[in-house]
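No lab work stands behind these numbers, since they all come straight from the coordinates. Everything quoted here is computed from the prediction, not taken from an experiment. We place every Cβ from the backbone using ideal geometry, glycine too, and count neighbours over all the protein chains shown.
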Amino acid sequence: MAEIVLAYCASHAPMMSSARMAAPEAQRKNFFGALEYLKDQAVERGVQACVVLSNEHFTNFFLENFPQICIGVGEKNWGPTEEWLPIDKVWIPGHEGLANHIARYTLDHGFDPAFSHQLELDHGIMTVYYELDNEMKLPLVPIVQNCAVPPLMPVRRAYEFGKQLGDAIRSYTGLQRVAVVGAGGLSHFIGNPRVGDIVEDHDRWFLERLERGEVEQILDMPDSEIELAGNGNHEMRSWLAVAGAMAPLTSTTLAYEPVHPWITGMGVAQWDTTGTQQGTRQNQEEPA
């Protein structure tokens, strides 16, 4: 049976790659330092494949056909799709066994995800995936979510999907060590007059709820309330899916920086998987 040996979420602003040096040095070092730490953890823990959840930015789907969830089940996916993103354009290896198992398991447990045998991967997944593996050879199961077009999946539903995702991974027998990653957010505004605004109070409140295990305060938030921290804040659904996959474990915030040159509240949070029996979901603290 597979074990989730690494679980984290990170913001995915495209400028973290395309305008890396625009961020103040201290903010840049804090944010990328957290991602470097997680990359080292992936190597130390022998991660064999990663599942990455992110928003669909009209890269694969448009209004004539826009699924709430789509699982990339193919042997490979192409990315990044943006020509201007300074990451090599390559075929990213998939993991067909794990991906198809997730699709089958979630279909059997109350969800109806779409699937694709070849996805285009944009900055939403690629910026975070690249920081996890600069060589881009780690097998990737991409899961794109609708965090952009009403009607949106309720955030509680995203959390419940995460629970089934976690159980699906743990019931897979073809691997031993898997990483689960949520990409997106936090507060940011896209395509409206508030572009550049960052709602730091909301971001810190959200991260604190995940640390305290107080997700119930988040799960029934209406879209109108979520959008007070920007239409890009709907990407909290990826974070909540990871929180669901790791429940009842709580997260630790590794970094948070309101990076105005990147127009985004940039956060990184990790769920401690060490010393935990994944199958029973027993919440235990890491030994000091």
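Return the pair list, or none, for Cβ contacts closer than 7 Å from residues in segment 36-61 that are touching a residue at least 12 places away in the same chain (Cβ under 8 Å) and surrounded by 15 or more Cβ atoms within 10 Å (Cβ to Cβ) to residues that are of a type in the set (Asp, Glu) and not in a helix (DSSP H, G or I), at least 6 apart or on different chains.
Matching pairs, first to second residue: His57/Asp122; Thr59/Glu120; Thr59/Asp122; Asn60/Glu120.
Of all residues in segment 217-233 being of a type in the set (Asp, Glu) and either touching a residue at least 12 places away in the same chain (Cβ under 8 Å) or surrounded by 17 or more Cβ atoms within 10 Å (Cβ to Cβ) (or both), which is farthest from Gly184 (Cα to Cα)? Break it down into steps so the answer makes sense when it comes.
Taking segment 217-233 as the starting set, the residues that turn out to be of a type in the set (Asp, Glu) are 220, 223, 225, 227.
Subsequent filtering for residues that are either touching a residue at least 12 places away in the same chain (Cβ under 8 Å) or surrounded by 17 or more Cβ atoms within 10 Å (Cβ to Cβ) (or both) retains 220, 223.
Details: Asp220: 20, Asp223: 16 Å.
Per the criteria, the residue is Asp220.
Any residue in segment 131-145 that is in a strand (DSSP E or B) sitting within a Cβ distance under 6 Å of a residue that is charged (D, E, K, R)? List the pairs, counting only those 6 or more apart or interchain.
Within 6 Å, the pairs are Val144/Glu56; Gln145/Arg237.
Can you confirm whether segment 177-184 contains a residue that is touching a strand residue (DSSP E or B) at 6+ places or on another chain (Cβ under 7 Å), at positive phi, of a type outside the set (A, V, I, L, M, F, W, C) and not in a helix (DSSP H, G or I)?
From segment 177-184, those touching a strand residue (DSSP E or B) at 6+ places or on another chain (Cβ under 7 Å) are 177-184; that's our starting set.
So of that shortlist, the ones also at positive phi come out as 184.
Now drop any that are not of a type outside the set (A, V, I, L, M, F, W, C), which leaves 184.
Subset that is not in a helix (DSSP H, G or I): 184.
The answer is yes; a qualifying residue exists.
Test Glu214 against the stated conditions and say whether it is surrounded by fewer than 24 Cβ atoms within 10 Å (Cβ to Cβ) and part of a helix (DSSP H, G or I). Spell out how you get there, then give the answer.
Values: surrounded by fewer than 24 Cβ atoms within 10 Å (Cβ to Cβ): yes; part of a helix (DSSP H, G or I): no.
Judged against the criteria, Glu214 is not a match.
Just to verify a result, which residue in segment 3-26, among those that are out of contact with any Pro (no Cβ under 8 Å at 6 or more places or on another chain) and in a helix (DSSP H, G or I), is surrounded by the most Cβ atoms within 10 Å (Cβ to Cβ)?
Across segment 3-26, the extreme among qualifying residues is Met16.
Using the structure shown, decide if Phe66 is farther than 23 Å from Tyr159 by Cβ and of a type in the set (Phe, Trp, Tyr).
Working: farther than 23 Å from Tyr159 by Cβ: no; of a type in the set (Phe, Trp, Tyr): yes.
For Phe66, the condition - farther than 23 Å from Tyr159 by Cβ and of a type in the set (Phe, Trp, Tyr) - is not met.
When the residues of segment 129-157 are filtered to those that are among the β-branched types (Val, Ile, Thr) and buried (at least 19 other Cβ atoms within 10 Å of the Cβ), which remaining residue is farthest from Gly110 (Cα to Cα)? Give the steps one after another, and end with the answer.
First, the residues of segment 129-157 that are among the β-branched types (Val, Ile, Thr): 141, 143-144, 149, 155.
Among the residues that remain, those that are also buried (at least 19 other Cβ atoms within 10 Å of the Cβ) are: 141, 143-144, 155.
Values: Val141: 20, Ile143: 17, Val144: 18, Val155: 16 Å.
Residue satisfying both the conditions and the ranking: Val141.
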